[in-house]
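Just below is one structure, and these are the notes that go with it.
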Amino acid sequence: MLSLLLVPSLALSSTAFAQVIPLGSPGQDTAGPYNNCSGTLTSRPTGVATDTLPKISPSGSVGWERWDLTLDQPGVLLSLRWIQGDPASHASKPSNGTFELSAAFDNGTIYETRVTGQKLAFSGSSPYSISIGQNTLTWDDSQAWYNTSLNLNGLTASIATESIMLDSFLPSAGGIAGQLTKDLFCDIPVTRGRSNIGSIQFPWGEEVQFVARSILSHMFATKPLQTLAVSFGILNLRSVGTQFTDSFVYENSRAPDASGTNSDILSVSQINSTSTEAQLSGCSHTNFVPFTWNYTLPSPVLELTDSAGGITRFFAGTAVSTLEPFGTEPVQVESGTALGYTYQAAGTNAAGSLLTEEQS
């Protein structure tokens, strides 16, 4: 049984480095996500843990970086963001750090709070951490647990997120690992998270215990987001059956020049708002074997608008039926879920968005 990683006191890194930190997998010329094909491994290669560390210097003069932890459970969807600089600004200063939390309740109430103007601090050795104010994300070399501690504007929280499959995910554009579009980098340290330890207490006194599914993504660039991507989407599909459970991430993007990418680990033949058909490559027992998810996505649970008018829409669905291979025969899996979000730059339509475009 995996033990819970305790959140330590923060150790600051004073190491000097270039504008973009050449550390970990993103930016390498060999693409290839790490995949726990057997589902039995207890840890990932230790080098992968550094992929989640800052790649833009907090003391640098240009660029931006963002870590997104999205949690969904009955009653509420939460978006937690640690941000260096302003992803939509041509004058972004990484030293201007922001932590923001948005909560969308099932009754239609939206709650948002933030702290800003504080430089991101981090620990560059295990246990690793990033922190803006008193809001910290912590993990270690095993990457089995990602823990969150929050304290801002009367809100407090402690969240333990288990990376169930111990998989990380890197898209590839132009043969560059972690490149979503040219010069826009992204990785997903937690593809299938279970945040079921801890609670959050809101300023009005309400306390919510966590029983959430979750996903953690990490994105950075030296140029404004809207100049690098017209749209992109990240969707996590999970299926639960009698013999097994599976989880797959699909990432899609479109650059201003109409080029785009989806990861070669998930070869998608069709994806829209009702059905996704895909083949998972990279694992011997699933190479070129079709998987199908059928679902109806509801309206966005939450919408966030950036300083340039770009919109991020969050989606969560539980009415998912799936058909997956098992040995040589397909097996109808009983149920499934979908969790993800899309980005759309201001003044553009949804063409190329993950949840609207069919691909062949």
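The values are calculated or read from the model by the stated rules, or taken from the named source; none is laboratory data. All of these numbers come straight from a predicted model, not from anything done at the bench. Because the Cβ atoms are built from the backbone with ideal geometry, glycine has one as well, and the counts that use them run over all protein chains shown. The area values use the complete protein model at the heavy-atom level, side chains included, leaving out ligands, DNA and RNA. Shrake-Rupley method; radii C 1.70, N 1.55, O 1.52, S 1.80 Å.
Which of the residues spanning the range 54-69 are buried (at least 23 other Cβ atoms within 10 Å of the Cβ), acidic (D, E) and closer than 18 Å to S102 by Cβ?
Within the range 54-69, no residue meets the criteria.
Applying the selection to the range 134-149, what residues are surrounded by fewer than 21 Cβ atoms within 10 Å (Cβ to Cβ) and closer than 16 Å to I200 by Cβ?
Those that are surrounded by fewer than 21 Cβ atoms within 10 Å (Cβ to Cβ) and closer than 16 Å to I200 by Cβ: Q134, S149.
Any idea which residue in the range 109-126 is nearest to the chain's Cα centre (by Cα), counting only those that are assigned to a loop (DSSP other than H, G, I, E, B) and at pLDDT 95 or above? I'd like the intermediate steps shown before the answer.
Taking the range 109-126 as the starting set, the residues that turn out to be assigned to a loop (DSSP other than H, G, I, E, B) are 109, 117-120, 124-126.
When the remaining residues are screened for being at pLDDT 95 or above, the result is 109, 117-120.
Numbers: T109: 24, G117: 24, Q118: 23, K119: 22, L120: 19 Å.
In this case the residue turns out to be L120.
Could you grab the pairs with beta carbons closer than 6 Å, sequence gap of 6+ or different chains, first residue in the range 155-179 and within 19 Å of Q209 (Cα to Cα), second one surrounded by fewer than 24 Cβ atoms within 10 Å (Cβ to Cβ) and modelled with pLDDT under 70?
A160/L4
What number of residues within the range 174-213 are open to solvent by 50 Å² or more (accessible area, probe 1.4 Å) and over 21 Å from the mean Cα position of the chain (by Cα)?
Residues in the range 174-213 being open to solvent by 50 Å² or more (accessible area, probe 1.4 Å) and over 21 Å from the mean Cα position of the chain (by Cα): 7 in total.
Test D264 against the stated conditions and say whether it is farther than 21 Å from E303 by Cα and modelled with pLDDT of 70 or more. Don't jump to the end; show me each part of the working.
On the way: farther than 21 Å from E303 by Cα: yes; modelled with pLDDT of 70 or more: no.
Taking the combined requirement at face value, the residue does not satisfy it.
Quick one: how many residues across the range 161-182 are modelled with pLDDT under 90 and either farther than 22 Å from W145 by Cα or not hydrophobic (A, V, I, L, M, F, W, C) (or both)?
Filtering the range 161-182 for residues modelled with pLDDT under 90 gives 163-182.
Those left that are additionally either farther than 22 Å from W145 by Cα or not hydrophobic (A, V, I, L, M, F, W, C) (or both): 163, 167-168, 171-182.
Of the residues in the range 161-182, 15 are modelled with pLDDT under 90 and either farther than 22 Å from W145 by Cα or not hydrophobic (A, V, I, L, M, F, W, C) (or both).
Kindly list the number of the only condition in (1) in contact with a Ser or Thr (Cβ under 9 Å, 6 or more places away or on another chain); (2) within 26 Å of Q209 (Cα to Cα); (3) not aliphatic (A, V, I, L, M) that fails for S59.
The failed condition is (2).
Any idea how many residues of the range 189-226 are part of a helix (DSSP H, G or I) and of a type in the set (V, I, T)? Don't jump to the end; show me each part of the working.
Within the range 189-226, the subset part of a helix (DSSP H, G or I) is 225-226.
Those left that are additionally of a type in the set (V, I, T): none.
Residues flagged as part of a helix (DSSP H, G or I) and of a type in the set (V, I, T) within the range 189-226 amount to 0.
State all residues of the range 53-101 that are assigned to a loop (DSSP other than H, G, I, E, B) and either in contact with a helix residue (DSSP H, G or I) (Cβ under 9 Å, 6 or more places away or on another chain) or polar (S, T, N, Q) (or both); if no residue qualifies, say none. Give the steps one after another, and end with the answer.
Going through the range 53-101, the residues assigned to a loop (DSSP other than H, G, I, E, B) turn out to be 53-55, 57-63, 74-75, 85-96.
Result: S57, S59, S61, P87, A88, S89, H90, S92, S95, N96.
With respect to the numbered conditions (1) within 30 Å of T318 (Cα to Cα); (2) under 19 Å from the mean Cα position of the chain (by Cα), which one is the sole condition not fulfilled by D140?
Tallying (1) within 30 Å of T318 (Cα to Cα); (2) under 19 Å from the mean Cα position of the chain (by Cα), D140 fails exactly one: (1).
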